[in-house]
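A.B. asks: Encoded as structure tokens, here's the structure I'll be asking about.
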Amino acid sequence: MSRKDWSIGPLHTSLPGPMHMVLKLHGEIIDACQVETGFLHRGLEKQCELHSWHAALFYADHLDPEGAVFSELVLCLAVEEIAGIMVPERAQSIRLVLVELGRISSHLAFMARMARSVGSETIVHYVLRDRERILDLFELLTGARVSLNFLRYGGVKGDVTDGFIERVLDVCDLIRFRMKEYNDIFTFNAIFLKRTLGVAPLSVELIEQAGITGPNARASGVREDSRKGSPLYQALEFDIPSGKSEDFFAQGWRGLLARTSKGCVGDVHDRFLVRLREMTQSIEILRQLVAQMPLGVYQNTSIHIDRNYPIPPGESYQRMESARGRLGCHVVSDGQNFPGRIQFSTPTRASLWALPQLVRGIRIEDLPVVLASLDLSIAEADR
Amino acid sequence: MMYFRRSVFIALFWYLHSIVKSSLSIAGSCFATLPYLLRIGESRKEVTDGYPDPISSKTADDLPPRSRGLLFNDIERCTGCGDCEHVCPAGCIEVASEPGAHDSRIWVSVFDVDFSRCVFCGLCVDICQPMSLVHTRQYEGAAYQLEDLVASFGRGQVTEEQREKWHLARQRLSAPQEGA
Amino acid sequence: MNWVFLWLRALGFSATVPGIPLIALACISLFVILPSCALIAYLDRKLSADLQARVGPCRTGYRGMLQPVADCVKLLQKNSMHSQTLGELLWMLLHTMALYASLAAIPLGSLAMMVDTQMSVFIPFWSALVLALGTMLLGLGQYTTPGWLGGIRTAAQSLAGTFPSLIGILCVGMHAGSFRWSALAASQGFLHWTMFAHPFLLLAFVVFVGGGLVLLAIAPLDGGLAMSDIHGGVAVHVTGRQLALFQFGRFYGFFIWSVMTVVLFMGAWRIPESLRSWFLALDAEVCISVVELTWLLLKTYVLMLFILWIARANPRARVDQITDFSWGVLGPLALVALVGTAFWTMV
């Protein structure tokens, strides 16, 4: 057959962003694949070095447009460690509320992409409608829907506004109600199961080689979560969700599904299920946070935005669990008004590294589904 | 022979079981969307915003009070310090000022905000000491020409003779103190 | 015009005025097919919007009712970037003639049938195959990989969908005793539909509709043709007027298949006997035709919208899963229905 190589991208509707893939096909089966990224490189890390420390927060916002709060938080944690800035309890609580809301919003967008890749248009609209409620919450608290720019070194920019807490609880109830609806319509739909069970399972060896973290790893049974060891989440109770591997011995229809399904651990459906369960976990965490929110100030009052704002020299690395995996930030300070070096280590890079091995042997119609299931964010990978 | 027949029946059973299960699942999905067709309940009505119809969509006043819309600078309170220009990550603010008739009066001649570059991050509003620069809740800032996207809040350039007059006025004000 | 007249007379249609068949064809396409297309396009968008918590078209006309007209006008005034060679133009004309030749065979009432022979039920089926051939060649003529693969997939899918559908037709033919439209309608009543006659015929109905969806690549089984992502790509280069004609051809296949389903399985155009004799007593045969046509079209629309509902609420299956489903599930079920109908008819 003369059409052996197929070049997709950089712009294509089925790709998660600008990336170039060259597929070697054998009929409809992919034999090999080359991935080329870098089309969305904006030089964020270099720009951070040219502006003040506060502008670095803004640039961190734009690392991953869907998960703005994660990169802001990890940068704040790193800088606060270097400068020894104390964060009040109330501010920490508000930060975590934003983080969990951001996680739910990112997973809802993942569901929309996943549903679109298999062609189910109805769920896309339902999910995006519910994501709008969370974005409205962001706007109520921070003033913007997507690029929040709300965290500051030593706290947050403002206190909780009137009605915010009640609306957070409303949103929790709403998402709980909608999850049942999504499960009825989409998650265990026979056609969706046929499209996703057993497709592109992510093996534990590949996870360890590539350094994949987050829901992609948890779906294959690697139960690691940066939140568990973090001092921020110490007072909160939650489980680490995983996919079919934990269901195998469960009771009820979930166990029956796991035992009778033709899928394997770590396939596309598993990655979808893990994110659904993470949303439920985030709702539980949100309820605990809102119930336990301490009184106090929202910012370390010794810090304020000023033209001259040096951070003492030092170096630190902090990590946290973003919606896609473990996001790390390495900050080097020379004692000046602007950062010495800021580096982000994003979870999507690991998934992209593992992509050529993962898609070997699948059909090309499965490719959009696999790409959507890995929850890739090219903005994050290319910085 | 018995083994062969049993496996055939088992295969037939699972075949029919999968057909029935798939059909029920597809029918279940269809019926789960039925409340939307029939508009049962508040949680299932349409969420389309009828923008730009002002009745059925949100206007600027419906937005939360903290919304970061287009910037507005109250030139009476502005001191022309240029902190906002310094902190802006996108480099979209241009400030030029000069002293006025009195030491405490500053004439801000140029204060341009280029909204084609502004990212509405709010750092300039945070850093503004006299709190003259604020976010409005306006979000409709589209224009047909790129030049129209620059909002000018400055008072305009002064003539040379005006500058001279102010210089003399300042000298007169500071001279009696030196004499006494 | 003479040969059309002779051909039709040989088929059993007697007319004194030579122009009647052409007028009839024109009437059918203008007053039945085109309005149906517009109505189904509008209802498709409105009902999908209802399902998805949206509003749908609401600006063009009262509640967006002129939206199909607007779409048509917009598409027709766009030039396509692909200029056809003479060979392509000739092929396109022949293909269009072959596809729309089955207009003559659509039954629209007990008095509005133009072709009522033993082969009449297979003519719309043949026209669906012509559509599949055209789509396949459209895909194979592409240079890009998704288009080329889309062509092959369309062929595979159409082949897979033919087998169960044919067997479904055979079942009904056995039950009714003949393949003529009039006989098929006579074997049913106002509420005595073929598909409820006995369970094997219900199975045959399911098999026939499923096979039709696979044959014509209608959502949700349109994996071979779907223009989203990497799937079909058969028609991504078709723009403007050619796109309008392409979509209309696809709608025509769907419509004619639904009419066939209704006539075969869902009671055809049978209105209650009392109503029919009342109209005859009033000597109003036109009224009978109108009422029958309305009833037939109503059932057709309900069937089409039902399939649309399933399409919107469910994801799309993969192409090889569609063909597996057709050969592996619909095929054996079709054979079971055939054998069962045969036994039932004998007993």
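Please treat every number below as a calculation from the coordinates, not as lab data. Quick caveat: nothing in here was measured; it's all calculated off a predicted structure. As a convention, Cβ positions derive from the backbone with ideal geometry for all residues, glycine included, and neighbour counts pool all protein chains shown.
A.B. asks: Can you give the longest stretch of chain A with no exposed loop site, where a site means chymotrypsin sites (Phe, Trp or Tyr not before Pro) in a DSSP loop (not H, G, I, E or B) with at most 14 other C-beta atoms within 10 Å? Walk me through the intermediate numbers first.
C.D. replies: Numbers: sites that count: A:PHE39, A:PHE248, A:PHE249.
With chymotrypsin sites (Phe, Trp or Tyr not before Pro) excluded where exposed in loops, chain A gives A:40-247 as its longest stretch.
A.B. asks: Enumerate the amide H contacts of A:ARG152 below 5 Å, restricted to partners 5 or more residues apart or on another chain; note that Pro and chain-start residues carry no placed amide H.
C.D. replies: So A:ARG152 has HN proximity to A:LYS157.
A.B. asks: Could I ask something else about it? Using 10 Å bins from zero, what percent of all Cα-Cα pairs in chain A falls into each bin?
C.D. replies: Percent of pairs per bin, in order: 5, 23, 32, 24, 12, 3, 0, 0.
A.B. asks: Turning to a different aspect of this structure: Along the charge dipole of the protein assembly as shown, which of A:MET293, C:ILE169, A:LEU193 sits closest to the positive end, that is, farthest toward it, with unit charges on the beta carbon of Lys, Arg, Asp and Glu (+1, +1, -1, -1)?
C.D. replies: So the residue we want is C:ILE169.
A.B. asks: Please get the size of the charge dipole for the range C:40-177, origin at its Cα centre, with Cβ charges of +1 on Lys and Arg and -1 on Asp and Glu, quoted in debye to the nearest 20.
C.D. replies: Values: 8 positive and 5 negative charges, 114 e Å.
Charge dipole, the range C:40-177, about its Cα centre: 540 debye, nearest 20.
A.B. asks: Tell me, rounded to the nearest percent, the portion of alpha carbon pairs in the range C:170-215 spaced more than 13 Å apart.
C.D. replies: The proportion of pairs with Cα distances above 13 Å equals 57 percent.
A.B. asks: Just counting partner chain Cβ atoms within 10 Å, what average do the residues of peptide C:304-313 show around their Cβ?
C.D. replies: Mean partner shielding for this stretch: 4.
A.B. asks: Compute the distance in nm between two label points, each set 7 Å from the Cα along the Cα-to-Cβ direction, one at C:ASP324 and one at B:GLU98.
C.D. replies: If labels sit at C:ASP324 and B:GLU98, their model points lie 8.1 nm apart.
A.B. asks: Whole Å is fine, so just give me how far the alpha carbon centre of the range B:28-70 lies from that of the range A:49-71.
C.D. replies: Between the Cα centres of the range B:28-70 and the range A:49-71 lies a distance of 31 Å.
A.B. asks: Sticking with this one: Going toward the positive end of the dipole of the range C:213-347, with +1 on Lys and Arg Cβ and -1 on Asp and Glu Cβ, which of C:ASN314, C:VAL259, C:LEU293 do you reach last?
C.D. replies: Of the listed residues, the answer is C:ASN314.
A.B. asks: Then there is this: DSSP loop (so not H, G, I, E, B), at most 12 other Cβ within 10 Å: list which GluC sites (Glu not before Pro) in the range B:15-120 pass both filters.
C.D. replies: B:GLU76
A.B. asks: If you don't mind, another one. Please list, by residue number, everything in the range C:191-215 whose backbone N is under 11 Å from a paramagnetic label point 7 Å out along Cα→Cβ of C:TRP278.
C.D. replies: Answer for the range C:191-215: none.
A.B. asks: Counting other beta carbons within 10 Å of each residue's own, what order do A:GLU36, B:GLU140 fall into, fewest first?
C.D. replies: B:GLU140, A:GLU36
A.B. asks: Still on this structure: Send over the per residue convex hull volume for the range A:1-56, Cα only, as a whole number of Å³. Don't skip to the end; give the middle numbers.
C.D. replies: Working: hull volume 5.5 nm³, N = 56.
So the per-residue hull volume is 99 Å³.
A.B. asks: Give me the percent of Cα-Cα pairs in the range B:2-42 that sit more than 11 Å apart, rounded to a whole number.
C.D. replies: 70
A.B. asks: How big is the gap, in Å, between the Cα center of the range A:180-245 and the Cα center of the range C:249-266?
C.D. replies: 45
A.B. asks: Ok, one more. Hey, what angle do you get for helix B:160-179 against the long axis of chain B, alpha-carbon based, 0 to 90 degrees rounded to 10?
C.D. replies: The helix B:160-179 is inclined about 70 degrees to chain B.
A.B. asks: Also, quick follow-up: Work out the FRET efficiency for C:MET346 and C:TYR143 from their Cβ-Cβ distance, taking R0 = 60 Å, and round it to the nearest 0.05. Don't skip to the answer; put the middle values down first.
C.D. replies: On the way: r = 55 Å, r/R0 = 0.92.
For R0 = 60 Å, the calculated efficiency reads 0.60.
A.B. asks: For the range C:149-264, restrict the atom set to alpha-carbon positions and state the Rg and Dmax in Å.
C.D. replies: Spelled out, the Cα radius of gyration and Dmax of the range C:149-264 are 16.5, 48 Å.
A.B. asks: Still on this model: So what's the projected area for chain C, the Cα convex hull averaged over all directions, in nm²?
C.D. replies: Over every viewing direction, the Cα hull of chain C projects on average to 19.8 nm².
A.B. asks: If we count other beta carbons within 10 Å of each Cβ, what is the order of A:MET19, B:MET131, C:MET113, fewest first?
C.D. replies: B:MET131, C:MET113, A:MET19
A.B. asks: How large, in Å, is the range A:77-184 by the Kirkwood hydrodynamic radius built from its alpha-carbon pairs? Write out the running numbers ahead of the final one.
C.D. replies: Numbers: mean 1/r = 0.0655 Å⁻¹.
Mean inverse Cα-Cα distance, inverted, gives 15.3 Å.
A.B. asks: For the peptides A:72-83, C:69-80, what is the packing order when you average, over each peptide's residues, the other Cβ atoms within 10 Å and list the highest mean first?
C.D. replies: A:72-83, C:69-80
A.B. asks: Can you give the Rg to Rh ratio of the range C:188-347, both from alpha-carbon atoms, with Rh computed by the Kirkwood formula?
C.D. replies: 1.06
A.B. asks: Separate question: Mean residue ellipticity at 222 nm from the helices of chain C, using -39,500 (n - 2.57) per DSSP H segment of n ≥ 4 over the full residue count, to the nearest 500 deg cm²/dmol? Intermediate results must be reported in sequence, preceding the final value.
C.D. replies: Details: 14 runs with 221 residues, N = 347.
The per-residue figure over chain C is -21000 deg cm²/dmol.
A.B. asks: Right, another one. Find which of A:LEU169, B:TRP14, B:PRO65 sits farthest along the positive direction of the dipole of the protein assembly as shown, computed with +1 on the beta-carbon of Lys and Arg, -1 on that of Asp and Glu, about the Cα centre.
C.D. replies: The Cα lying farthest towards the positive end belongs to B:TRP14.
A.B. asks: Give me the Å³ per residue figure for the convex hull around the C-alpha atoms of the range A:155-229.
C.D. replies: Hull volume normalised by residue count: 165 Å³.
A.B. asks: Which entries in B:LYS45/C:LYS299; A:LYS24/C:LYS46; A:LYS24/A:LYS180; A:LYS180/B:LYS58 show an alpha-carbon gap greater than 32 Å?
C.D. replies: The answer is A:LYS24/C:LYS46; A:LYS24/A:LYS180.
A.B. asks: Determine how many Å³ per residue the convex hull of the Cα atoms of the range B:60-179 encloses.
C.D. replies: Dividing the Cα hull volume of the range B:60-179 by its residue count gives 117 Å³.
A.B. asks: Which value results when the Cα radius of gyration for the protein assembly as shown is divided by 2.2 N^0.38 Å? Write down the numbers at each step before the final one.
C.D. replies: Numbers: Rg = 34.0 Å, N = 910, 2.2 N^0.38 = 29.3 Å.
Cα Rg divided by the expected 2.2 N^0.38 Å: 1.16.
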